[in-house]
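Working notes, beginning with the structure itself.
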Amino acid sequence: PRLIHQTYRTYTIPAVWNATVQSIIRINAHEFTHRRWSHRDMDMFVRQHEPHFYWNTFVRYAYDIQRIDAFRYILLFHLGGIYLDMDDACHRPLRELVNT
């Protein structure tokens, strides 16, 4: 699927990453759907799609980054697409990287 996923604590993008996030959205707007996931969204998604993992592992992680990293794999497994960190920018369309 032509999806771009990004995560952050909330839906408010810190000013330091505004330019990089906007470059991803702007360059890929006509071909990819952009989705930002908050920590609350991540929690609900994992609980819904991987309940056993959620209750036995996900909620027991000591650090948020562990949950974020696990979420990325679960998200791409269930929805597909491309994950990009907020500090990554686009200088060329992502369609050049995909073979569909």
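The values are calculated or read from the model by the stated rules, or taken from the named source; none is laboratory data. Just so it is clear, the structure is predicted and the values come from calculations on it, not from any experiment. Cβ: placed from backbone, ideal geometry, glycine included. Neighbour counts: every protein chain shown. Remember, those area values only see protein heavy atoms, side chains included, never the ligands or the DNA or RNA. Shrake-Rupley method; radii C 1.70, N 1.55, O 1.52, S 1.80 Å.
Roll a 1.4 angstrom probe over the protein heavy atoms and tell me the percent of accessible area of the chain that is carbon or sulfur.
Carbon and sulfur together cover 54 percent of it.
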Worksheet entry | Per residue accessible area of region 1-85, 1.4 Å probe, in Å² | 62 Å²
Item to complete: Work out from phi, with θ = phi - 60° and the Karplus expression 6.51 cos²θ - 1.76 cosθ + 1.60, the ³J(HN,Hα) of each residue of region 61-68, listed in order in whole Hz, and give x for Gly and Pro.
Response: 4, 6, 10, 4, 4, 5, 5, 4
Practice prompt. Evaluate the Debye formula for the chain with equal point scatterers sitting on the alpha carbons, no solvent, and hand back log10 of I(q)/I(0) at q = 0.12, 0.16, 0.17 Å⁻¹, in q order, two decimals.
Written response: -0.42, -0.71, -0.79
Item to complete: Compute the semi-axes of the equivalent ellipsoid of region 1-51, taking the square root of 5 times each eigenvalue of the Cα gyration tensor, and list them largest first in whole Å.
Response: 23, 16, 5
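Loop only by DSSP, 11 or fewer other Cβ within 10 Å of the Cβ. Give me the chymotrypsin sites (Phe, Trp or Tyr not before Pro) in the chain that pass, ordered by residue number. Intermediate results must be reported in sequence, preceding the final value.
Working: sites: Tyr8, Tyr11, Trp17, Phe32, Trp37, Phe45, Phe53, Tyr54, Trp55, Phe58, Tyr61, Tyr63, Phe71, Tyr73, Phe77, Tyr83; in loops: Tyr8, Tyr11, Phe32, Tyr61, Tyr63.
Here the chymotrypsin sites (Phe, Trp or Tyr not before Pro) that fit, given the DSSP loop and packing criteria, are Tyr11, Tyr63.
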Worksheet item: Between His91 and Arg9, what length in nm is gained on full extension when 0.36 nm per residue of separation is reduced by their alpha carbon distance?
Response: 27.0 nm
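For region 46-100, just say rounded, prolate or oblate: build the C-alpha gyration tensor, square-root its eigenvalues into a ≥ b ≥ c, call rounded for a/c under 1.5, and beyond that prolate if a/b exceeds b/c, oblate if not.
Oblate.
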